[in-house]
1. Going residue by residue through region 56-65, is there one that turns out to be touching a residue at least 24 places away in the same chain (Cβ under 8 Å), in the same structural domain as Thr182 (by TED's automatic domain parsing) and out of contact with any strand residue (DSSP E or B) (no Cβ under 8 Å at 6 or more places or on another chain)?
2. Inspect region 140-152 for any residue being touching a residue at least 60 places away in the same chain (Cβ under 8 Å) and either at positive phi or in contact with a Ser or Thr (Cβ under 6 Å, 6 or more places away or on another chain) (or both) and give the result as yes or no.
3. Working carefully through the options Val108, Val62, find the one that is more than 22 Å from Gly185 (Cα to Cα) and at pLDDT 90 or above.
4. Of all the residues that make up region 347-370, how many are modelled with pLDDT of 85 or more and part of a loop (DSSP other than H, G, I, E, B)?
5. Going by what's in this entry, would Glu405 be described as without any contact (Cβ under 8 Å) to a residue 12 or more places away in the chain, assigned to a helix (DSSP H, G or I) and surrounded by 12 or more Cβ atoms within 10 Å (Cβ to Cβ)?
6. Could you list all residues from region 30-68 that are β-branched (Val, Ile, Thr) and either more than 30 Å from the chain's Cα centre (by Cα) or outside any loop (DSSP other than H, G, I, E, B) (or both)?
7. Does Pro325 count as under 30 Å from Lys6 (Cβ atoms), out of contact with any helix residue (DSSP H, G or I) (no Cβ under 6 Å at 6 or more places or on another chain), without any contact (Cβ under 8 Å) to a residue 24 or more places away in the chain and in a loop (DSSP other than H, G, I, E, B)?
Amino acid sequence: MKRWLKAAIPFAVLATVVTGTLIVHAIETPDTDDPQFLTPRQRQEITGFTLAARLQADGITVHRAETTAEAVATMRRGSPATLFVTTPDLADLARIGRLPNGSRVVAVNPSAGTLRRSNWPVQATGSHWTTRVADPDCADPIARAAGPAAVRLTEYRTQPGATVCYQGALVTVRVDGYYWLTVVGSPDPFRDDRIAEHGNAALAVGLLSQNRRVVWLDVHERDRPTPQPTPAKTGIGGTDPTVSVRPTYTSGDGDGGQGTGRGDGSGADDGDVPQSEQRQQENDPLFDALPPALWATLLLLLLIMLALAAAYARRLGAPVAEPLPSRVPANETMLGHARLYERGRARAASLAILTTAARRRITTHLALPPGASVEDIAAQAGLPVRYVRDILDGHPPESDADLVEAATLLQNLVNDVTAPRHEGEQP
């Protein structure tokens, strides 16, 4: 086997394992832009149909909204409601401003970049490769009643005095005195294929059943950010930062309205995105998009590859002569050298050493100079020139069998030249 192939095989195996792991993880991780992700309309592995059915069985009214504007409009009509934001990274969180008293917002696994663009007093502190099960470890009655749940995928921190459960994977905080916000670090408790595990069902139902209405924001493509509106006067002499200067038409389940749910229907909102917010969306670092554990794993693999490369670099190349650090028996030295040459498959170097030793013995016995030619050796020994040349200047061996045969011929040649001769024999 060639030396470069021996060095390449470990790296190829390692790269294959890492690539396969990343591919499997990417396949198993659902995408938020998948129309089936936490949608209440159908039952699949990653949908939220089971959760919606349980809420309705408990007497909770579920309104489905396809845009953030439609969801906010539905929240402002009727009794206090809970806004369930299944895909915060795609929703227009700037529209969620002042909500009616008693309103709640439950957001599922918002990223660090999304939280920075929102007015929520929550920051992401880290994430894990997969969702982990954790104990509540807090005084929140809903979390304590649910018990251990699979929510620890992303961890958050918030302002002092807020409720923090599941080692930072679930936080509840008051936002500007308008509504209560609950951030959940993983979508697993709400998914149809995970809701029956651990205390997921109790936690999901408990979070969404604190009001008699749930507005389910089912958006799977990015909502265009809302342009900064001109403040409109409210009935109490102040300004309402959530009122837009353009009329909003909503449609969806439960409100009976007709329209597009995206501004005034003319499509003019698409060009009104503030440039500063566009740049902030475009410049989101890749480091925030991927979990820190992935970068740590890739760094560790790089260090392992460098260590393997350094180890293999010491073993590549032909053997070289080095002085022995201490005196050892000649037999042990010979066997040690032989094993090194065998391990390195240095057949040509091994034969060269044997040939040099044979030449030295032959020239010494025939009283010839050390650099004597093959012709001088053959003439002095009385042997055919071609026979001596084939042995002393033969081709490098291509296999171990060729090396053994060449060594045997060298030994026979040395014996023929140095063997004692009887009277009458030619030297």
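1. Yes, region 56-65 contains a residue that is touching a residue at least 24 places away in the same chain (Cβ under 8 Å), in the same structural domain as Thr182 (by TED's automatic domain parsing) and out of contact with any strand residue (DSSP E or B) (no Cβ under 8 Å at 6 or more places or on another chain).
2. No, region 140-152 contains no residue that is touching a residue at least 60 places away in the same chain (Cβ under 8 Å) and either at positive phi or in contact with a Ser or Thr (Cβ under 6 Å, 6 or more places away or on another chain) (or both).
3. On the way: Val108 fails: more than 22 Å from Gly185 (Cα to Cα).
On inspection, the qualifying residue turns out to be Val62.
4. Summing the residues that are modelled with pLDDT of 85 or more and part of a loop (DSSP other than H, G, I, E, B) in region 347-370 gives 4.
5. Here the answer is yes, as Glu405 does meet what is asked.
6. Step one: list which residues in region 30-68 are β-branched (Val, Ile, Thr), which gives 32, 39, 46-47, 50, 60-62, 67-68.
Those that are β-branched (Val, Ile, Thr) and either more than 30 Å from the chain's Cα centre (by Cα) or outside any loop (DSSP other than H, G, I, E, B) (or both): Thr50, Ile60, Thr61, Val62, Thr67, Thr68.
7. Numbers: under 30 Å from Lys6 (Cβ atoms): yes; out of contact with any helix residue (DSSP H, G or I) (no Cβ under 6 Å at 6 or more places or on another chain): yes; without any contact (Cβ under 8 Å) to a residue 24 or more places away in the chain: yes; in a loop (DSSP other than H, G, I, E, B): yes.
Here the answer is yes, as Pro325 does meet what is asked.
So that you can scan it fast, the table gives a plain yes or no per residue for (1) of a type in the set (A, V, I, L, M); (2) at pLDDT below 75:
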{"position": "Lys2", "(1), (2)": "no, yes"}
{"position": "Val17", "(1), (2)": "yes, no"}
{"position": "Ala26", "(1), (2)": "yes, yes"}
{"position": "Asp31", "(1), (2)": "no, no"}
{"position": "Pro35", "(1), (2)": "no, no"}
{"position": "Gln44", "(1), (2)": "no, no"}
{"position": "Gly48", "(1), (2)": "no, no"}
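The values are calculated or read from the model by the stated rules, or taken from the named source; none is laboratory data. Just so it is clear, the model here is predicted, and its values are computed rather than measured. Don't worry about glycine lacking a Cβ; one is built from the backbone with ideal geometry, like all the others, and counts go over all protein chains shown.
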